[in-house]
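Chemist: Mind looking over this structure? Questions follow.
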Amino acid sequence: MSKKKKLAALCYAFPRTMPVMAGYLVLGAAYGILMNVNGFGIWWALLISVFVYAGSLQYLGITFFVAAVNPWYAFFMSLMLNARHLFYGLSMLDKYKDAGRLKPYLVFSLTDETFSVLCNEEPPEGIPKYWVYFFVSVLDQLYWVTGAVIGALAGTMITFSTAGMDFALTALFVVIFIDQWKSGKGHQAAFVGVCASALCVVVFGQSVFIVPAMILILVIITAGYFMEKRKEEQP
Amino acid sequence: MNENIVGYGLITGVMVLATVITRFLPFLLFPAGKETPKYILYLGQTLPYATIGLLVVYCLRGLQFLSYPHGLPELISIGAITGLHLWKGNSLLSIGAGTILYMVLIQSVFP
C-alpha cells in the first residue's frame, strides 16, 4: 500500500470521526476526572483507556475500583455489559473478512461509536477501505485516550460548562439511524431494535435492560428469518 | 492505595479479558476462511439496523417523562436533529447543531 493511498484513506476517515471526537473528548475527560476524584491517577486512566477501551465498562470499572470488588464479580459484570459487542462482531464478520493484518486491531477497537460510524461506511473506489476502517478506529481511540488524559490532568481547570456536550454521541446514533432509515433497507429490524429495547427498559429497568433486549431482538429477528425461509421454500 | 495495586491490576485484567472475549468471539466462531452459516449472515445483515435502534434507546434510557423536565431537552433536540438531517442531510451539521441546542436547553432553558 503506497503512502499516498494511506493518506487518502486518512483524509477520508478523519471527517467521519469528528462527531466521535466531540463525544469522546468529553466522555473521556469525564472519565479521567472521575478516576482522579476517586484517587486513581493518570496512569490508571491511561492504562485502562488503552487496553480496556470500552466507555461504559470503564465507568462501571470505577465502582469496581472504589469497592475493590471480587475479580470474578467484575468479570461477569463486564461480560454482561459488553454483550452487545457480540452483535457488532456478527455485523462486521463480512466487512472485516479480508482485513489481514489490520483485523486484530479493527476487532479490538470496535466500540459502540466506531461500529456506528463504520457499519454503513463504504469508501469509494480507489480509497483502500481497510485503511479507512483502521484510521477511523485509531482516531477514535486516540480521542478517547486523549480525553482521559486531559481529564486526569486538568479536570479542575475547565472554566466553561460542558454539561450536555456528551449528547453528541446520542446525536450521532440518531443521525445514523436516520441515514439507515433513508437507505430504504432494514426498516423492520430498526423498528424491532427500538421497540424491543424500549419495552425492556420499561420491564427490566434501565440498568439491566441490555441483555434481555438483545435476547428479544435475536428471537424476533430469528423468527423473521424462518418466516422468510419458509416463504422461499413454498412459493 | 499502593498496597492494593495487585487487586486493581486484577480488576483491570478481567475487564480487558471480558472486553476482548466479547469483541473477538464472533470472529473466532465464524472465521473468514470457512463458510459462514446462512443464518449468521442474515443476522449480520439485519443486526446493524436493530443495534443502532438499541443504542438510541440506550442513550435515552434514563429519561424521566413523569417528572420535570419530562425528557423535553432530549426530545426537542432529537426532533431538531431529525428535521435538520432530513432537510440538509449533513451529518456533522445535524450532530453539531443538535448538541449545541441540547447544551443550551439543559443549561439555560431547563436548568
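Chemist: If you take just the helices (runs of 4 or more DSSP H) that sit entirely in segment A:1-83, which of them hold at least 2 residues that are out of contact with any helix residue (DSSP H, G or I) (no Cβ under 9 Å at 6 or more places or on another chain) and away from chain B (no Cβ under 12 Å)? Spell out how you get there, then give the answer.
Modeler: On the way: elements: A:3-37, A:42-51, A:55-67, A:71-82.
In segment A:1-83, the matching helices (runs of 4 or more DSSP H) lie at A:3-37.
Chemist: Only one of A:Q188, A:Q180 is touching a helix residue (DSSP H, G or I) at 6+ places or on another chain (Cβ under 6 Å), closer than 25 Å to A:C119 by Cα, among the polar types (S, T, N, Q) and in contact (Cβ under 8 Å) with a residue 24 or more places away in the chain; which?
Modeler: On the way: A:Q188 fails: touching a helix residue (DSSP H, G or I) at 6+ places or on another chain (Cβ under 6 Å).
None of the others qualify; the one that does is A:Q180.
Chemist: Can we say A:T111 is buried (at least 23 other Cβ atoms within 10 Å of the Cβ) and either charged (D, E, K, R) or more than 8 Å from chain B (Cβ to nearest Cβ) (or both)? It would help to see each step written out before you state the result.
Modeler: Numbers: buried (at least 23 other Cβ atoms within 10 Å of the Cβ): yes; either charged (D, E, K, R) or more than 8 Å from chain B (Cβ to nearest Cβ) (or both): yes.
Judged against the criteria, A:T111 is a match.
Chemist: Tell me, yes or no, whether segment B:55-63 has at least one residue that is part of a helix (DSSP H, G or I) and more than 9 Å from chain A (Cβ to nearest Cβ). Give the steps one after another, and end with the answer.
Modeler: First, the residues of segment B:55-63 that are part of a helix (DSSP H, G or I): B:55-59.
Restricting the remaining residues to those that are more than 9 Å from chain A (Cβ to nearest Cβ) gives none.
No.
Chemist: To continue, here is another question. One residue is enough: does segment B:29-45 have a residue meeting the conditions surrounded by 21 or more Cβ atoms within 10 Å (Cβ to Cβ) and at pLDDT below 85? Before the answer, list the steps.
Modeler: First pass over segment B:29-45, keeping only residues surrounded by 21 or more Cβ atoms within 10 Å (Cβ to Cβ): B:43.
Subset that is at pLDDT below 85: B:43.
Yes, segment B:29-45 contains a residue that is surrounded by 21 or more Cβ atoms within 10 Å (Cβ to Cβ) and at pLDDT below 85.
Chemist: So A:I127 fits all but one of (1) surrounded by fewer than 23 Cβ atoms within 10 Å (Cβ to Cβ); (2) modelled with pLDDT of 90 or more; (3) among the aliphatic types (A, V, I, L, M); (4) under 12 Å from the mean Cα position of the chain (by Cα); what number is the exception?
Modeler: In the conditions (1) surrounded by fewer than 23 Cβ atoms within 10 Å (Cβ to Cβ); (2) modelled with pLDDT of 90 or more; (3) among the aliphatic types (A, V, I, L, M); (4) under 12 Å from the mean Cα position of the chain (by Cα), A:I127 misses (4) alone.
Chemist: Can you give me the ranges of the helices (runs of 4 or more DSSP H) entirely in segment A:121-235 with at least 1 residues that are within 13 Å of chain B (Cβ to nearest Cβ) and in contact with a strand residue (DSSP E or B) (Cβ under 7 Å, 6 or more places away or on another chain)?
Modeler: Numbers: elements: A:129-154, A:167-182, A:187-204, A:210-233.
Ranges flagged: none.
Chemist: Is it true that some residue in segment A:93-104 is outside the structural domain of A:L218 (by TED's automatic domain parsing), crowded, with 22+ Cβ neighbours inside 10 Å and in a helix (DSSP H, G or I)?
Modeler: no
The values are calculated or read from the model by the stated rules, or taken from the named source; none is laboratory data. The model shown is predicted, which means the values in this text are computed figures rather than measured ones. Note that each Cβ is placed from the backbone with ideal geometry, even for glycine, and that neighbours are counted across all protein chains shown.
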